[in-house]
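Only one structure is covered here, and it is reproduced in the block below.
The values are calculated or read from the model by the stated rules, or taken from the named source; none is laboratory data. On a predicted model such as this, the values are computed, not experimentally measured, just so you know. Don't worry about glycine lacking a Cβ; one is built from the backbone with ideal geometry, like all the others, and counts go over all protein chains shown. Remember, those area values only see protein heavy atoms, side chains included, never the ligands or the DNA or RNA. Shrake-Rupley method; radii C 1.70, N 1.55, O 1.52, S 1.80 Å.
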Amino acid sequence: MSDLFFRSAYCAASVASLTNIMTSKLFDGTAEWIARCQNWEGGIGGVPGLEAHGGYTFCGFAALVILQRVQLLDLKSLLRWVSCRQMRFEGGFQGRCNKLVDGCYSFWQGGLLPLIHRALHAEGTTAISLTNWMFDQQALQGYILLCCQCPNGGLLDKPGKSRDFYHTCYCLSGLSIAQHFGSGDILHEVIIGVPENRLKPTHPVYNIGPDKVAQAIMHFMQKDVPEMPNSRKN
């Protein structure tokens, strides 16, 4: 149920923000619940007091970004936790403390760091870089390209595992995050290997092309926000 809540809250916030149906009533109490799930490690668990997990942490924090409530969290504690999840030898990310590296966390953890970076920048933090995210982007690319690719196509968790669509998606998403830094007028690319390795940027909140995010927002801004009923009809 904890997994279902975090993924559902994130999906609901993503859809609502892209389709211009965000209302305070729709997400009443959501941000406060997510904040209660940040534990002593700094990451976010499935329920208050539970072990921090990369998937829950990304979904929870991305939802707070959309709801503009990231100030409810201890950002420095969160940064410390997620930055320690990149494995020194492999270069990829683990999802929890004392777990093995997993290709899907290339996005769940790798995509979380740009969101924290931007939140700290908005707070006026001056110690953050203007050229790269707060993880080893080249090491992550190396893990994905060398350890997660299947000779017959598709990407996987780690060597020895089977390829699947889930890990193919999030390995590629993490690879894109690791290749592209910044937005707007500040752009910096780090591409290892041949030029053909370059992927198009993905939006770190929605994990779709930034141009598609802009198109959706512009389209639905022209639509009226539907009214929510005051009570359920029998």
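The table below lists the values:
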read-out: With every protein chain in place, region 64-141: carbon and sulfur % of accessible area (1.4 Å); value: 51 percent
read-out: Highest-MSF residue in the chain out of PRO114, PRO210, PRO195 [GNM, Cα springs under 10 Å]; value: PRO195
read-out: Gaussian network model of the chain, springs between alpha carbon atoms under 10 Å - residue of ASP164, ASP74, ASP224 with greatest fluctuation; value: ASP224
read-out: Most mobile of ALA16, ALA52, ALA178 in a GNM of the chain (Cα contacts under 10 Å); value: ALA16
read-out: Heavy-atom accessible surface of region 1-49: percent carbon and sulfur, 1.4 Å; value: 65 percent
read-out: The chain, dipole about Cα centre (Lys/Arg Cβ +1, Asp/Glu Cβ -1), debye to the nearest 20; value: 320 debye
read-out: For the chain: accessible area per residue (Å², 1.4 Å); value: 55 Å²
read-out: Estimated [θ] at 222 nm from DSSP helical runs (n ≥ 4, -39500 (n - 2.57)) normalised by residues in the chain, nearest 500; value: -13000 deg cm²/dmol
read-out: Net charge dipole size for region 32-101 [Lys, Arg +1 and Asp, Glu -1 on Cβ; Debye, nearest 20]; value: 120 debye
read-out: Alpha-carbon Rg/Rh ratio, for region 90-220, with Rh computed the Kirkwood way; value: 0.98
read-out: Along the chain, longest interval not containing exposed trypsin sites (Lys or Arg not before Pro), exposed being DSSP loop plus at most 10 other Cβ atoms within 10 Å; value: 89-222
read-out: Whole-angstrom gap from region 70-141 to region 151-177, using each part's C-alpha centre; value: 20 Å
